[in-house]
Amino acid sequence: MLWGRKLKASGVIGLNERNANYITALNSRRLYPRVDNKRITKSLAAGAGMAVPELYAVAESQGDVRGLPETLAQHKSFVVKPASGSGGDGILVIDGRYGGNYRLINGELMPESALLHHTSNIVSGQFSLTGQPDCALVEYRVQFDSVFDEISYRGVPDIRIIVYRGYPVMAMVRLPTRQSDGKANLHQGAVGAGVDLATGITMSASSGNLRVRDHPDTLTPIAGHQVPHWDRILDIAATGYEVSGLGYLGVDIVIDKDLGPLMLEMNARPGLNIQIANDAGLQPRFAVIDALRVGGAEDASPEARARASVELMRPFSPR
Amino acid sequence: MTLRYVQGLALVCASLGLGVFFYKQAVLGLPLSADASRSAWTIEASLRFEARPGPIKAALRVPALTPGFATLSENSVAGGYGYDIGYEDGGRRAQWAIRRASGEQRLYYRVVVYGDPSIEEADTTPPFPDPPNLTEPERTAAIELVEEVRQESADAASLVSALLRRVNDPTPDENVALLFDGRRGGTRRMSMLIDLLAYARVPARSVRGLLLKDEQRNAPIATYLEIHDGVEWLFFDPSSGSQGLPNNFFAWSRGLETLASVQGGSGLELNFAVRRSQLDSLDVATNRAEQRGSLLMTFSLFSLPIQTQAVYSVLLMIPIGALVMVLLRNFVGVQTFGTFMPVLIALAFRETDLLAGVILFSLLTGLGLAIRFLLERLRLLLVPRLTAVLIIVVLLMLSISVIAHQLGLETGLSVALFPMVIIAMTIERMSVIWEERGAQDAMKAGAGSLLVAALAYLVMGIDALEYLFFTFPELLLVILAFVLLCGRYSGYRLSELRRFGVLSRKDS
């Protein structure tokens, strides 16, 4: 440790520590495709009984891209995303049609040729982590629950849960803003709101590296909102451990107004801004789970772990 | 456990690197910096004689064992003469021969030596000498003198001291007078001393050499008495009796024979000239290692052709640049495009200088980026688009060079040295980030890359470092060890102090 004694005292994990002590130690590289390729994630999750958005079509080649309009004709709204994308790059959310054009969630219109070009870029690997040829997924566009309407600007708010050795330890809601162009991506300007893991109620919030109180577009205070289906959300997050096999995992969940919580994707290198959103470091929570492991008191089933987590994380709830 | 393993590995790498480094530095004497030079002496022996009709053979005793000095090179200048070096009892001999010659002949033998305290008298222990055959009454006098001296001494060294004291006494006793009368100087006196020591069963021989001083046109020959005490050779000044050699004494040859001889010539004159010069210590060390047959130097970079050496002296700096990047990325938290892109840009800066390099790089990426945005509208597939960007980069480089040349800005020509593929990839990555994350992120990463490149360039441009790593490439193992340790650094990056600043103010 060269610097940052104060940060260490508050249990904040830095990028170096995350990479050196958690990702390399707990996340075996051979398991990465399970989460880096959303197509694999989807089929594994479906196999484990996890609720996921329905897959409409897969474009594996430029030929598939040309056949896409036929499939798309059956769906009013849908999402196009790269199977191996990162950080939300390359995702297009279409929520309807206007004339011959597709309408994006921000209201912009996109001609079919532009949509197909984007899809073909995905297939060539423009958005993939390694630049390798990729495939494009077309899937159900989540009809998000209105619960977050007051504190989000268009787009789909999602819930990020850090799962450590199978136990959910920290959660946040990512709220799209005008700046983030309706995307729930903190790097693009979305607001991150910490969620009390024990109750599922939103607490503090952060935008960038700063703490904020209100949503920048709706100007509504962010704290105090109850995330619905919280128990099921924790179950889904805990199941992510069985599906991915990763000891340090980020599970992204969205809430559909009809279908309830759906697992959107998982991340083997979840970001660290969740600590700012929660106004708390991850390290003490990891220590609680590590102690459990030493004590041999691990719970076998995802549901049992999710319930145990609620109790284990209660000391970290705000008073 | 992994941490221990990494630390152990780093320790092994570091000690291996440092071990070889210290061996090369301390034992082989490779200098730590490029400008280190040391004194060398060029000693030239010249033989001059008048040729007589018929074949001519000339011989000169030349240095063999030279305690305190190492030989860098030796050669002969003698027009038309056959020349070779032979070994004979007690040393080496240079020989010249020619079928016929006329007039005054000059033969030169030249040797370049430098002081090297590690070179010692590496000679075998001689057998005890047989008692010499002196005739009476010298025999009796010699035995008596030796017996008296033996009584006054404890070992070979003190015996020689005592003997020399007796011999050098201004009022010699009758034995000394008898033995040395008529042998006051030169070879015969030395011969008698050696004979006397033979009675005392002390191996002894005469050593002749030069006292190396700055500049001597006609250097005098100094003679010392060398005796073996059963363990090592000891030196005595036969006229003063003092023990030890002056450290500028260069032993030319041993034995009592004349230094030079000629057959078929007359009026032989032997003359020594000494000249001091500065030698590149690196040459000296390389030469010394070669003489010792050191494998390390045989397989060193110095054995490569000069052009390849030049390439490696640059290549060896790349890890240094990469190290700078590790520090900036993992300890400071600077964002860059690609992992090694900044180092490659830094390499290009070596040719352009920093300021011109930064300007050219910004110009190139800026223009490339603008054109890349135009290309975006054409909706090209990925690979053709990348190729188009690459071609445009090359065209831009071309036009920058031509325009700069027309404007008389010669540095503009060096734009050709930028790694075009890397720049094309940078433009592509930058435009994607620009679109996805906004201009701010793209500019941040671009500026970060330039900052790292500039710092890496400055570090890679330190001549002393370049020399050090070229001479001691094993130091890369030390860098490797350090990088391994960096790989397990789990502390915060400096940028994270800012990033998580809100969290640290709360606690503690």
From other protein chains only, count the Cβ atoms within 10 Å of every residue's Cβ in B:423-432, then give the mean. 1
At what distance in angstrom do the alpha carbon centres of segment B:1-26 and segment B:383-432 lie from each other? 42
Contour minus Cα-Cα distance for A:R213 and A:E311 (0.36 nm per residue): 32.6 nm
Might you report the magnitude of the Cβ-based charge dipole of chain B about its Cα centre, with Lys and Arg at +1 and Asp and Glu at -1, to the nearest 20 debye? 2340
Arrange A:K38, A:K76, B:K24 by Cβ neighbour counts within 10 Å, fewest through most, would you? A:K76, B:K24, A:K38
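Greater than 28 Å separation of Cα atoms is the criterion. Which listed pairs, A:K8/A:K81; A:K38/B:K444; A:K81/B:K444; A:K257/B:K444; A:K42/B:K444, meet it?
Checking Cα-Cα distances, A:K8/A:K81; A:K38/B:K444; A:K257/B:K444; A:K42/B:K444 exceed 28 Å.
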Can you classify segment A:83-161 as rounded, prolate or oblate using the Cα gyration tensor, where a ≥ b ≥ c are the square roots of its eigenvalues, rounded means a/c under 1.5, and otherwise it's prolate if a/b beats b/c and oblate if not? oblate
Take the Cβ-Cβ distance between B:S266 and B:L409 as r, set R0 to 56 Å, and report the resulting FRET efficiency rounded to the nearest 0.05. 0.15
The simple spin-label model distance between B:R276 and A:E242, using points 7 Å out along Cα→Cβ, in nm, is 8.8
For segment A:1-82, which chymotrypsin sites (Phe, Trp or Tyr not before Pro) are both in a DSSP coil and crowded by at most 16 other Cβ atoms within 10 Å? A:W3
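Could you list A:M172, B:M430, B:M425 so that the one with the fewest beta carbons within 10 Å of its beta carbon is first and the one with the most is last?
Working: A:M172 27, B:M430 23, B:M425 19.
Sorted ascending by nearby Cβ count, the order is B:M425, B:M430, A:M172.
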Roughly how crowded by other chains is peptide B:379-387, in terms of the mean Cβ count from those chains within 10 Å of each of its Cβ atoms? 4
Taking Cα centroids, how far is segment A:197-247 from segment A:2-49 in Å? 18
Between segment B:303-355 and segment A:122-180, the Cα center-to-center distance that results, in Å: 38
When a/c reaches 1.5 or more, the comparison of a/b and b/c decides; with that in mind, is segment B:360-424 rounded, prolate or oblate per its Cα gyration tensor? prolate
At 0.36 nm per residue, and after removing the present C-alpha to C-alpha distance, how many nm does the segment from B:I85 to B:D214 gain when stretched out fully? 43.7 nm
Rank-order B:248-259, A:208-219, B:344-355 by packing density, defined as the average count of other C-beta atoms within 10 Å over each peptide's residues, highest first. B:344-355, B:248-259, A:208-219
About the Cα centre of segment A:205-319, how large is the charge dipole given +1 on each Lys and Arg Cβ and -1 on each Asp and Glu Cβ? Please answer in debye to the nearest 20. 420
Counting helices only, and only those DSSP H runs with n ≥ 4, report the 222 nm mean residue ellipticity of chain B as the sum of -39,500 (n - 2.57) divided by its residues, in deg cm²/dmol to the nearest 500. -15000 deg cm²/dmol
Nearest-20 debye value, the protein assembly as shown charge dipole, Cβ charges on Lys, Arg, Asp, Glu: 1840
Modelling each spin label as a point 7 Å along the Cα-to-Cβ direction, I'd like the B:N75/A:H75 distance in nm, to one decimal. 8.4
Rounded, prolate or oblate: which fits segment B:377-508 when a ≥ b ≥ c are the square roots of the eigenvalues of the alpha-carbon gyration tensor, with rounded for a/c under 1.5 and prolate only if a/b beats b/c? oblate
With 10 angstrom as the radius, rank B:S242, A:S146, B:S153 by how many other C-beta atoms surround their C-beta, starting from the fewest. A:S146, B:S242, B:S153
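Bear in mind that the values in this text are calculations on the coordinates, not laboratory data. All values reported here derive from a predicted model rather than from experimental measurement. Heads up, the Cβs are rebuilt from the backbone with ideal geometry, glycines too, and the neighbour counts pull from every protein chain shown.
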